[in-house]
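Trainee: One structure, pasted below without further comment.
Just so it is clear, none of the values below were taken in a lab; they were calculated from the coordinates. Please read all numbers here as calculations on a predicted model, not as lab measurements. For neighbour counting, all protein chains shown are included, and Cβ atoms are generated from backbone atoms with ideal geometry for every residue, glycine included.
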Amino acid sequence: MTPRVAVVLGSGLGAFADTLDNPVSTSYADIPGWPRSTAIGHAGKLIVGGVAGTQVAVLAGRAHLYEGYTAQQAVFGIRYLRKLGVESVILTNAAGGVNVKFGPGQLVLIADHINLLGQNPLTGPNDDLLGPRFPDMSEAYAKPYRELARAAGREMGLELPEGVYAALPGPSYETPAEIRYLRTIGADLVGMSTVPETIAANHLGMKVLGISCVTNAAAGVLDQKLNHAEVLEVGERMKGTLIELLRRIVCKMHS
Ligand code: HPA
């Protein structure tokens, strides 16, 4: 049975992959054409396995622009999943809370995004076999999936608010002035991923659910510095909740 649903796991959020039944794991290095990081040799893998009888594909490890990948390279995995037959993709990420209501540990459903990466994965000649030259992005994150995710959250006693995710290339964190700017233009969350994948998935006609795990208040919100260890630590603390939420969402997507 080929998977119809895929999950892309963000920084510090890899534990979901370990909970799949009968997992079959393939290293990205063994998949022809999968871009190899020139900057960081982090081992990514594709795992296909079961969640309560439903086959799911999981991308553990994604390509970020700050590693030196182009936006086109960053979406290779999404296009590969589409070729496998995947129709729905759940993109997870670690994010900074731009909206002061979103503190560490808050899970937020991405309602929309702002692309400040300075790159678009669809730049260049369009492959009309993949999708249209000018894809619509007016519901880039499928509303029915947000409703389904909210229902899954409610079953766990979890309120899942919605927010707008702004993507910046990084790798330096934002300055407090940049965070004030992001707040002014309507962002609630900030991160360094997800947007290229969402654009490519919409181009391919796939439906997207985006979930941000807020790992820290964005720069300048609190009188403290940001560090990657904190991001990983909060991701680790949230893993049980996120695993349970993802499992419930996958089951609902299939029922
Ligand atoms: N900024 C950008 N990316 C992030 C952050 C942040 O504060 N936290 C986790 N990923």
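Trainee: Need one number: nm distance between label points at A52 and D223, each 7 Å from Cα along Cα→Cβ, rounded to one decimal.
Mentor: Modelled inter-label distance: 4.7 nm.
Trainee: Another one. Rank R82, R180, R154 by mean-square fluctuation in a GNM of the chain with C-alpha springs under 10 angstrom and give only the top-ranked residue.
Mentor: R154
Trainee: Sequence-distant or interchain residues sharing an amide H contact under 5 Å with A166, placed H: which?
Mentor: I114, D188, L189, V190, G191
Trainee: A further question on this structure: Have a look at the range 109-188 and give its Rg and Dmax from the Cα atoms, expressed in angstrom.
Mentor: In Å, with Rg to one decimal and Dmax whole: 16.2, 47.
Trainee: Could you check how many percent of all C-alpha pairs in the range 31-135 are farther apart than 21 Å?
Mentor: The calculated P(r) of the range 31-135 puts 49 percent of pairs beyond 21 Å.
Trainee: Right, next: Taking the alpha carbon gyration tensor of the chain, what are the square roots of 5 times its eigenvalues, largest first, to the nearest whole Å?
Mentor: Calculated on Cα positions only, the semi-axes equal 25, 22, 18 Å.
Trainee: When you count, for each residue, the other Cβ atoms within 10 Å and take the mean per peptide, how do 132-144, 166-178, 218-230 rank with the highest first?
Mentor: Peptide ranking by packing, descending: 166-178, 218-230, 132-144.
Trainee: Okay, moving on. Among DSSP bridges having both ends in the chain, what percentage is antiparallel? Round to the nearest 5.
Mentor: If we restrict to bridges inside the chain, about 40 percent are antiparallel.
Trainee: Where does the charge balance sit around G77 when Lys and Arg score +1, Asp and Glu -1, over other residues with C-beta under 9 Å from its C-beta?
Mentor: The answer is +1.
Trainee: Still on this model: Using DSSP H assignments, which helices in the chain have an axial alpha-carbon span of 20 Å or above and a mean Kyte-Doolittle hydropathy of -1.0 or higher?
Mentor: Counting only whole DSSP H runs, the qualifying helices are 228-254.
Trainee: Moving to a separate point now. How much net charge surrounds E230 when only other residues with a Cβ under 13 Å from its Cβ are counted (Lys, Arg +1; Asp, Glu -1)?
Mentor: Taking every other residue near E230 into account, the sum is 0.
Trainee: So between R180 and T70, what do we pick up on full extension, going 0.36 nm a residue minus the alpha carbon distance?
Mentor: 36.9 nm
Trainee: Please rank I31, I249, fewest neighbouring Cβ atoms within 10 Å first, as an exposure proxy.
Mentor: The order, fewest Cβ neighbours first, is I31, I249.
Trainee: Report, in listed order, any pair from K101/K207; K207/K252; K45/K83 with a Cα-Cα distance greater than 19 Å.
Mentor: K101/K207
Trainee: In nm, to one decimal, how far is the modelled label at D21 from the one at K101, with both set 7 Å along Cα→Cβ?
Mentor: With each label placed 7 Å out from Cα toward Cβ, I get 3.8 nm.
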